[in-house]
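Colleague: So that we are looking at the same thing, I have put the structure below in structure tokens.
The values are calculated or read from the model by the stated rules, or taken from the named source; none is laboratory data. Because the structure is predicted, anything quoted here is derived from the model rather than measured. Note: ideal-geometry Cβ built from the backbone for every residue, glycine included; neighbour counts use all protein chains shown.
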Amino acid sequence: SRFTQQELPACKPILTPKWVISTFLLVGVVFIPIGIVSLFASRDVVEIVDRYETECIPIGSRNDKLGYIQGSQDKTCYRSLTIPKKMKQPIYVYYQLDSFYQNHRRYVKSRSDQQLRSASKEGDTDPCKPEATIDGRPIVPCGLIAWSLFNDTYTLTRNNQQLNVNKTNISWKSDREKKFGKNVFPKNFQNGSLIGGGTLDSSLPLNKQEDLMVWMRTAALPTFRKLYGRIEVDLQVGDVINVTISNNYNTYSFNGKKKLVLSTTSWLGGKNNFVGIAYLTVGGLCVGLAILFALIYLIKPRRLGDPSYLSWNRNPGGQ
Amino acid sequence: MYSPKTGTLTENKMEFQCASIGGVDYSNGNAGGEGEDENVGYLVQEEGIFLKPKMRVKIDPELFKLSKSKHTDEGRHVHDFFVALAACNTIVPLTTETSDPSVKLIEYQGESPDEQALVYAAASYGFMLIERTSGHIDISIQGERHRFNVLGMHEFDSDRKRMSVILGSPNQKVKVLVKGADTSMFSIIDKSLNSNMIKSTEAHLHAYSSRGLRTLVIGSRGLSSAEFEQWHSSYELASTALIGRAMLLRKVANNIENHLGILGASGIEDKLQQGVPEAIESLRTAGIKVWVLTGDKQETAISIGYSSKLLTSNMTRIVINNNSIDTCRKSLEDALLLCKKLKISSDAKHGGSGAGGSQLALIIDGTSLVHVLDTDLEIQLFELASKCTVVLCCRVAPLQKAGIVALIKNRTDDMTLAIGDGANDVSMIQMADVGIGISGQEGRQAVMASDFAMGQFRFLVPLLLVHGHWNYQRMSYMILYNFYRNAVFVLILFWYVLFTGFSLTTAITDWSSMLYSIIYTAVPTIVVGILDKDLSRTTLLKYPQLYGAGQRRESYNGKLFWITMLDTVWQSIAVFFVPLLAYWKSDVDTSSMGDLWTLAIVIVVNVHLAMDVIRWYWITHAAIWGSIAATFICVLIIDTLPFLPGYWAFFTIAKTKLFWACLVGITVGALLPRFIIEIFVQSYKPNDIQIAREAEKVEISREPHDSQMEMNPFFGSTR
């Protein structure tokens, strides 16, 4: 048959100058506008970042941050942010952790997805060691990820008025519906001698514990943000936001930074110029190359498939 | 490339062409006699049944007439000659039925096609071998059946290069009939007996062999009863000996095979196979050195060399034909000097270009090889041979063939190919890097020992120039591509390790890592590796020089490998760091990033392959784009498994525009450098394959009006 004889009809495209130039032009024409639009989008995003992990420790305790954070005194801390530019709702409130390796292998593996999903798999804690059981009773949710739940809280006020931060629907819909069970309740959580982070309301099922669900979506990169809530009113230029932070979470033992972030979003996400710059660079390069090739082609064309270019025709007799 | 002559270059269908009988040359064998002999002599009546030889031979009418007249001197010579031909062999006649019940076909079966040809010839002249039993043979001479007793036989061996039969004729006379190669025969022929006849026979033999015919000399001697008795007893003794029987038999044979009277000589044509000269020329143009190793005489070998375009008239021939080690050394040294001289003179003529000058052909014979191989002279022979474009070895023994192959194979990195058809070529086929067996007249030993088997020599050209070229291109590309394909994946895993506190986390799911080689990128590799062809068959056959790409290692070499690896590093950086920077300080999770990376690698790797595919079949399209589609489907399925941490990650991230922007940007950015370099190389430093590809494309649109484009680089190279 034609298949076994390898004689199927075939198309043999070759890169003629016309093709090359139009390919470059096409890439340039597509990429440059995308780059410009993304840069604009990124510019329109208003982002306020407030680093607070050191500021929130009283000056007297700054020599022993670890001792302070592990102590039992009141750790409330007040910060104020000024809005530099009008921010349209929804405004996302994030906490950002730097140098926190939530993607460390031991850490990432330390969870039991079976247990999170259904109450009957409560004892399924094998991957969670050493945070699997307490006195033989399984911990729900088990594992290091849940154990190290972030537990700083923020209360925002504007002009002495409570600024409502909506903390519903901050996790993935799929997580609420499928991944975390609606009849799985926290059990024996943070009951050990070492407390890693936040506690959970044991009367709420896991699929209502949105902070936990956000936290359990482990971050890909060591510098990451997690959604804390949404502000559903516009903020005006010059507005001063007073933030009451209860500074509980220990990042001091590894010199991690903690930041509070208020940010609007664009169609492309948060504030990030990289995509725009990258697209502009590639697009510009392609247009440049298209022009270069067109020039070379005009100045010094080479006839395609000219047999006199064949090596044995160029220097006769030579092999 | 090493090739024997018989059966490989030639058809090994022997045809009796001419004979020198009693010093008279009968070589007018032509179609003239064919009409009349339909019923005369050609058919033999036996108990009401006609016997007819299966093959017909061209007949010399003069000789045919002579063979019937018994009473002239010449007639007797002819008679003896043909009886000897019919008797002195190991042929077994077989009769088979034909459609006509009154006619039976006689088919002669035997080891040697030469013998078959001779017996068929004898039969055509009315000396038909009808039956062979253990003790006697029946020959029908001009229609009369005669019974000869075969009293003893010394079989052919390659040391003596002759065989003999002791024949007792019906009138109780005993004769020894000997048939063999001319050199071995002339040493045992009694030169004093009939010197004129011997001289003219020698002259005829020389003429035959320069026409490319295979020659055999036949001699006989009457034995007295005393001689016979003596031979008989020693023969009995030797053939029943338990130790060294072969040697004893040889001694007995040597004792009886002497003082022969010459009967005549025969010339057998071994036709060149179809397309052999063209094939050899193509191979030579492709830069393959062709060596011919033959058991024939030097003159035969040279004339075959000319007719197969192996030797051309503008070649300088160096002939080495010596009997002792010292003369061999001397002639090798002389030849090397000559080489140097020629090279200097050609350098002077061509202004240092070097390659131009006249080509050298080395012709060396078996006896010289005995002295050269396995001694220190080997090095000199190697030097000489590597300077020559053609090497012709004549009168070589089978084991020497392997020695000659080893001569080159052990000293250079060059690939050696041996082609052969007979059992005597097996050693050579096994020694060479590539062995090719031709399934011809001489059984299947060569085919069994070979890597490739084919029917005719000329099929070697498409095998090497077309399929060899294709395979080389595909293999070398696929090696590079597979290194790249796996390295790029591993590098991406590696880069991620730098951002996970060196803890070997993989963002890409275990399933995807596994399926990467099985589903995501496997099928296109296979399809392209099997189906891609850089040039069409016609182009490759038209320009045999394109084969040189493989000899020069253009498609797979260290430089290309490292360039590919640099490209690999760049591509992995693009694939890994674009999402990293785009998602830095964002709330992206590991699984989503993993999905993005997985898809990005697969798209880049497959589009990379697509950029290099030369021939697009629908299967290629299906494989490449299908693989990308399959990857999306697989990632999608993996993310619907609720027991994996990455549940629904793909659906979440695919809703964001940043994801798609990254995917498109990565694909273009990763492949851009390679595309630019490829274009620059193709446009301004094109290699032969590239030009030939363009020519193919241009010709289709321009129609084949440029036939003047065809040029012969060998004869056109003088400009």
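Colleague: Working carefully through the options A:Thr281, A:Thr264, A:Thr223, A:Thr251, find the one that is within 12 Å of another protein chain (Cβ to nearest Cβ) and under 17 Å from A:Asp50 (Cα atoms).
Modeller: A:Thr223
Colleague: Give the residue, chosen from B:Thr240, B:Thr285, that is surrounded by 14 or more Cβ atoms within 10 Å (Cβ to Cβ) and not aliphatic (A, V, I, L, M).
Modeller: Testing whether each residue is surrounded by 14 or more Cβ atoms within 10 Å (Cβ to Cβ) and not aliphatic (A, V, I, L, M) leaves just B:Thr285.
Colleague: What number of residues within region A:4-22 satisfy the criterion of being more than 8 Å from chain B (Cβ to nearest Cβ) and buried (at least 17 other Cβ atoms within 10 Å of the Cβ)?
Modeller: Final tally of qualifying residues: 1.
Colleague: Which of the helices (runs of 4 or more DSSP H) contained wholly in region B:263-364 include at least 3 residues that are in contact with a Phe, Trp or Tyr (Cβ under 7 Å, 6 or more places away or on another chain) and modelled with pLDDT of 80 or more?
Modeller: B:276-285
Colleague: In region A:159-176, is there at least one residue being touching a Pro at 6+ places or on another chain (Cβ under 8 Å), buried (at least 18 other Cβ atoms within 10 Å of the Cβ), of a type outside the set (A, V, I, L, M, F, W, C) and within 14 Å of another protein chain (Cβ to nearest Cβ)?
Modeller: Within region A:159-176 (the criterion being touching a Pro at 6+ places or on another chain (Cβ under 8 Å), buried (at least 18 other Cβ atoms within 10 Å of the Cβ), of a type outside the set (A, V, I, L, M, F, W, C) and within 14 Å of another protein chain (Cβ to nearest Cβ)), the answer is no, since none of the residues qualifies.
Colleague: Is there any pair linking a residue in region B:218-245 that is closer than 27 Å to B:Ser192 by Cα to one that is among the aromatic types (Phe, Trp, Tyr), with Cβ under 8 Å and at least six apart or on different chains, and which?
Modeller: Pairs found: B:Ile218/B:Phe81; B:Leu223/B:Trp231.
Colleague: Right, another one. Out of the residues in region A:113-143 meeting the condition of being of a type in the set (Gly, Ala, Ser) and without any contact (Cβ under 8 Å) to a residue 40 or more places away in the chain, tell me which one is farthest from the other protein chains (Cβ to nearest Cβ).
Modeller: A:Gly136
Colleague: Another question, then. State whether one or more residues within region A:294-313 are more than 7 Å from every other protein chain (Cβ to nearest Cβ) and in a strand (DSSP E or B).
Modeller: No, that holds for no residue.
Colleague: I would also like to ask the following. Please give the number of the condition A:Arg43 fails out of (1) over 27 Å from A:Phe254 (Cα atoms); (2) within 14 Å of chain B (Cβ to nearest Cβ).
Modeller: Unmet for A:Arg43, out of (1) over 27 Å from A:Phe254 (Cα atoms); (2) within 14 Å of chain B (Cβ to nearest Cβ): (2).
Colleague: Here is a further query. Take the conditions touching a Pro at 6+ places or on another chain (Cβ under 6 Å) and either assigned by TED's automatic domain parsing to the domain that holds B:Ala246 or hydroxyl-bearing (Ser, Thr, Tyr) (or both) and apply them to B:Leu118. Does it pass?
Modeller: No; evaluated as a whole, the condition is false for this residue.
Colleague: If the Cβ limit is 8 Å and pairs must be 6+ apart or interchain, which residue in region B:611-637 that is closer than 14 Å to B:Ile526 by Cβ pairs with which residue that is crowded, with 16+ Cβ neighbours inside 10 Å and among the polar types (S, T, N, Q)?
Modeller: Within 8 Å, the pairs are B:Val613/B:Thr620; B:Ile624/B:Asn606; B:Ser627/B:Thr521; B:Ser627/B:Asn606.
Colleague: Going through region B:95-144 one residue at a time, which ones are in a strand (DSSP E or B) and hydrophobic (A, V, I, L, M, F, W, C)?
Modeller: Within region B:95-144, B:Val103, B:Leu105, B:Ile106, B:Phe127, B:Met128, B:Leu129, B:Ile130, B:Ile137, B:Ile139, B:Ile141 qualify.
Colleague: From the residues in region A:177-195 that are away from chain B (no Cβ under 11 Å) and crowded, with 17+ Cβ neighbours inside 10 Å, which one is farthest from A:Asn151 (Cα to Cα)?
Modeller: For region A:177-195, the residue satisfying everything is A:Val184.
Colleague: Has region A:28-36 got any residue that is surrounded by 13 or more Cβ atoms within 10 Å (Cβ to Cβ) and in the same structural domain as A:Lys258 (by the TED database)?
Modeller: No - not one qualifying residue is present in region A:28-36.
Colleague: Hey, another quick one. Out of (1) surrounded by fewer than 18 Cβ atoms within 10 Å (Cβ to Cβ); (2) among the charged types (D, E, K, R); (3) more than 24 Å from the chain's Cα centre (by Cα), the odd one out for A:Arg105 is which?
Modeller: (3)
Colleague: Further question on the same structure: Give the number of residues within region A:202-220 that are outside any loop (DSSP other than H, G, I, E, B) and not aliphatic (A, V, I, L, M).
Modeller: So the answer is 5.
Colleague: Output the number of residues of region B:610-630 satisfying the condition of being touching a Ser or Thr at 6+ places or on another chain (Cβ under 7 Å) and away from chain A (no Cβ under 11 Å).
Modeller: Selection size over region B:610-630: 1.
Yes/no per residue for (1) away from every other protein chain (no Cβ under 14 Å); (2) in a helix (DSSP H, G or I); (3) of a type in the set (Ser, Thr, Tyr):
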| residue | (1), (2), (3) |
| --- | --- |
| A:Cys56 | yes, no, no |
| A:Gly67 | yes, yes, no |
| A:Gln73 | yes, no, no |
| A:Cys77 | yes, no, no |
| A:Arg111 | no, no, no |
| A:Ala146 | no, yes, no |
| A:Asn151 | yes, no, no |
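Colleague: Please verify whether region A:158-167 includes one or more residues that are touching a helix residue (DSSP H, G or I) at 6+ places or on another chain (Cβ under 8 Å) and in contact (Cβ under 8 Å) with a residue 24 or more places away in the chain.
Modeller: For region A:158-167, residues touching a helix residue (DSSP H, G or I) at 6+ places or on another chain (Cβ under 8 Å) and in contact (Cβ under 8 Å) with a residue 24 or more places away in the chain: present.
Colleague: Across region B:643-666, what is the total count of residues that are more than 10 Å from chain A (Cβ to nearest Cβ) and surrounded by 21 or more Cβ atoms within 10 Å (Cβ to Cβ)?
Modeller: Of the residues in region B:643-666, 2 are more than 10 Å from chain A (Cβ to nearest Cβ) and surrounded by 21 or more Cβ atoms within 10 Å (Cβ to Cβ).
Colleague: Also: How about region B:499-588: which helices (runs of 4 or more DSSP H) wholly inside it have at least 2 residues that are among the acidic types (Asp, Glu), facing chain A (nearest Cβ under 9 Å) and under 30 Å from A:Lys109 (Cα atoms)?
Modeller: none
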